[in-house]
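The values are calculated or read from the model by the stated rules, or taken from the named source; none is laboratory data. Everything numeric in this text was worked out from a predicted model, so none of it was measured. Cβ coordinates were reconstructed from backbone atoms using ideal geometry, including for glycine residues, and neighbour counts include every protein chain displayed.
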Amino acid sequence: MDIYTETILDHYQHPHHAGALGKPTISTTEHNPLCGDVIRLDLKINKDTVEEIGFVGNGCAISQASMSMLADYVEGKKISVLKKLKPKDIYNLLGITISPGRTKCALLGLNALQKNLH
Amino acid sequence: MQNIKSDFPILKRKINGKALIYLDNASTTQKPKTVLKALVDFYSTSNANIHRGIHTISEEATDKYEEVRKKVAKFIGATEEEIIFTKSATESINCVAVAWGQKHINAGDEIIVSALEHHANLVPWQELAKNKKAILKIIPLTANYILDTDAYQKLLSAKTKLVCVTAQSNVTGTITPVKKIVEMAHIVGAKVMVDGAQSVGHTPTNLTSLGCDFFAFSAHKMMGPTGVGVLYIRSDLMNEMTPFMYGGEMIESVQEKSATYRTGHWKFEAGTPNIAGVVAYGAAIDYINKIGLKNIADHDKELLAYAKKMLARYPQVKVFSPSKPQDTGAVLSFAIDGVHPHDIATIFNDHGIAIRSGLHCAEPLLQKLGAPNGTARLSFYIYNTKKDIDTVEIALKKVLKIFKL
């Protein structure tokens with residue numbers, strides 16, 4: 001049950017789409033009060049598509065890698081597709097088993113995205 | 001302390017195929033067989049409500065419950081009339097905030113709390129200060145994680161009405177100079193509330209000598225059941241305090257539209273208490289007395305020194321702990337740059353090691369320590385061994401390997 005796979009650690013230590021966007025269409029900050037993990041998520045939206053994504057985060061390997069992997073997926077996708085994302089899609093992206101204690105970490109990025117899109 | 005592990009059934013458990021190494025004792029401690037047996041025995045033989053029945057088992061239950069009040073009083077150097085049973089240390093502190101604070105804190109008064117406080121000994125005072133337009137002041141820490149008593153001296157004035165301080169931090173393990181803090185507060189006429197949750201089960205406490213006004217702690221951090229807290233109120237302060245809960249047991253006489261209340265500690269124990277929990281708590285105190293608090297304190301110090309020495313071998317690890325052993329209890333917080341404490345705890349758990357990670361219900365303190373993500377915390381008790389610390393080292397090496405540090 002090793003959750004610290006090479007992929008996860010690579011995303012944690014070298015996150016993709018790291019950094020705030022210059023002129024985001026929408027920006028939101030999601031916070032996990034239990035552990036203090038935080039993600040600011042910026043989206044640049046063109047009509048119905050996410051053209052560009054950037055995030056600034058601080059937290060555990062799971063929350064930050066999950067956001068990085070989700071950001072890869074999100075860029076270039078239609079909003080209608082992104083609105084349908086479910087927790088199990090995130091677990092599939094991560095490719096590991098998430099224990100109940102760590103679901104909040106894994107889903108922090110998804111929550112930030114959904115807050116932005118709704 | 002060699003054979004002590006066998007007294008604790010839970011320590012036979014395997015976690016992820018490894019023997020459980022329980023190092024989260026500052027959160028709650030494990031329970032020896034004698035405490036578990038006391039719970040079962042009470043419910044099996046003497047279960048009844050207390051202080052009201054005149055039937056045999058109610059009298060038995062009352063005797064057993066009151067016996068523990070005497071035992072607790074003796075354990076902390078108080079009298080039984082000064083001991084109130086609550087559900088937790090948190091409830092004990094909130095009782096003081098309501099039953100004493102509402103009456104005695106006024107606009108412009110000052111309440112001093114230390115920078116080491118758990119939220120339980122901080123937030124009730126924030127709320128009281130807000131409601132009463134009183135002022136909250138904070139005793140800062142030195143660079144060595146101990147309270148800055150010079151700064152404390154400067155905060156004290158005739159406006160100070162209450163000083164709230166922990167006897168031992170649940171994050172840095174810092175043991176505070178309670179006696180000195182109390183003496184200094186009493187010079188300006190302030191009362192002192194001490195949070196003893198981390199200290200009472202680890203080191204001898206004598207409230208007559210400490211001289212504090214209020215003292216709170218919980219049974220479950222000293223091998224007793226959860227759901228039992230203790231509040232000590234110095235006897236001469238009881239009459240100045242109002243009840244904080246109303247209901248059965250605490251009343252003297254009730255008419256349809258008014259009631260009068262019992263005096264002394266009785267007026268603070270409304271409703272049916274955790275009778276079986278209190279009775280089993282007595283067995284926990286017996287267990288501690290059998291081992292001896294001095295031996296427990298020595299064992300804590302030995303493990304702390306051993307763990308600190310081990311962590312010092314890893315330059316990637318930063319510890320948040322006073323330098324002198326006499327300033328530190330059985331708690332050791334550390335952090336690793338580049339690894340979140342929750343990830344450390346997850347990898348430790350893979351090795352069967354239970355530790356606490358994060359902010360430890362002390363968010364302002366963690367900010368001040370420069371650890372906004374929190375720390376990983378080892379906290380020891382009598383059943384821990386140096387071998388446990390050796391396993392911690394193996395897990396720590398794994399953390400550093402995984403994160404390539």
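The conditions of being in the same structural domain as B:ILE105 (by TED's automatic domain parsing), among the aromatic types (Phe, Trp, Tyr) and modelled with pLDDT under 95 are not met by B:TYR281. Assuming B:ALA73 fulfils every condition listed in (1) touching a strand residue (DSSP E or B) at 6+ places or on another chain (Cβ under 7 Å); (2) touching a residue at least 24 places away in the same chain (Cβ under 8 Å) apart from one, which condition is it? If we test B:ALA73 against (1) touching a strand residue (DSSP E or B) at 6+ places or on another chain (Cβ under 7 Å); (2) touching a residue at least 24 places away in the same chain (Cβ under 8 Å), just (2) comes out false. Pull up region A:53-68, narrow it to residues that are within 12 Å of another protein chain (Cβ to nearest Cβ) and of a type in the set (A, V, I, L, M), then point me to the one that is surrounded by the fewest Cβ atoms within 10 Å (Cβ to Cβ). Restricting to residues being within 12 Å of another protein chain (Cβ to nearest Cβ) and of a type in the set (A, V, I, L, M), the top hit is A:ALA61. Only one entry in B:ILE355, B:ILE382, B:ILE389 is within 14 Å of chain A (Cβ to nearest Cβ), under 30 Å from B:GLY292 (Cβ atoms), buried (at least 20 other Cβ atoms within 10 Å of the Cβ) and modelled with pLDDT of 90 or more, namely B:ILE355.
In region B:109-126, the residues that are within 17 Å of B:ALA190 (Cβ to Cβ) reach residues that are small (Gly, Ala, Ser) and in a helix (DSSP H, G or I) with C-beta atoms within less than 7 angstrom, at least six apart or across chains, in these pairs: B:ILE111/B:ALA129; B:PRO124/B:ALA97; B:TRP125/B:ALA97. Within region B:52-66, none of the residues are within 24 Å of B:TYR381 (Cα to Cα), modelled with pLDDT of 95 or more and in a helix (DSSP H, G or I).
The criterion of at least 2 residues that are buried (at least 16 other Cβ atoms within 10 Å of the Cβ) is met by the following strands (runs of 3 or more DSSP E) wholly inside region B:226-343: B:229-233, B:317-320, B:331-336.
Here B:LEU378 clears all of (1) among the hydrophobic types (A, V, I, L, M, F, W, C); (2) within 19 Å of the chain's Cα centre (by Cα); (3) not in a strand (DSSP E or B) except the condition numbered (3).
So that you can scan it fast, the table gives a plain yes or no per residue for (1) in contact (Cβ under 8 Å) with a residue 12 or more places away in the chain; (2) assigned to a helix (DSSP H, G or I); (3) touching a Gly at 6+ places or on another chain (Cβ under 7 Å); (4) assigned by TED's automatic domain parsing to the domain that holds B:PRO372:
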| position | (1), (2), (3), (4) |
| --- | --- |
| B:LEU128 | yes, yes, yes, no |
| B:ILE138 | yes, no, no, no |
| B:ASN144 | yes, no, no, no |
| B:ASP150 | no, yes, no, no |
| B:GLN153 | yes, yes, no, no |
| B:SER157 | yes, no, no, no |
| B:LYS161 | yes, no, no, no |
| B:CYS164 | yes, no, no, no |
| B:VAL171 | yes, no, no, no |
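Please determine, by comparing only the residues of region B:195-232 that are within 13 Å of the chain's Cα centre (by Cα) and of a type in the set (S, T, N, Q), which one is farthest from B:THR174 (Cα to Cα). Filtering first and then ranking leaves B:THR226. Against the criterion of being under 18 Å from B:ALA89 (Cα atoms) and out of contact with any Ser or Thr (no Cβ under 9 Å at 6 or more places or on another chain), B:PHE244 qualifies. Scanning region B:309-328 turns up at least one residue that is within 27 Å of B:LEU147 (Cβ to Cβ), charged (D, E, K, R), away from chain A (no Cβ under 14 Å) and over 23 Å from the mean Cα position of the chain (by Cα). Here B:PHE85 does not qualify as at pLDDT 95 or above, surrounded by 20 or more Cβ atoms within 10 Å (Cβ to Cβ) and part of a helix (DSSP H, G or I). Among residues belonging to region A:81-110 that are hydroxyl-bearing (Ser, Thr, Tyr) and within 14 Å of another protein chain (Cβ to nearest Cβ), point out the one that is nearest to the chain's Cα centre (by Cα). The selected residue is A:THR103. Every condition in (1) at pLDDT 95 or above; (2) surrounded by fewer than 22 Cβ atoms within 10 Å (Cβ to Cβ); (3) under 24 Å from the mean Cα position of the chain (by Cα); (4) more than 14 Å from every other protein chain (Cβ to nearest Cβ) is met by B:LYS368 except one, and the failing one is (1). Looking only at region A:9-52, residues that are under 15 Å from A:LEU70 (Cα atoms) and within 10 Å of another protein chain (Cβ to nearest Cβ) come to 2 in all.
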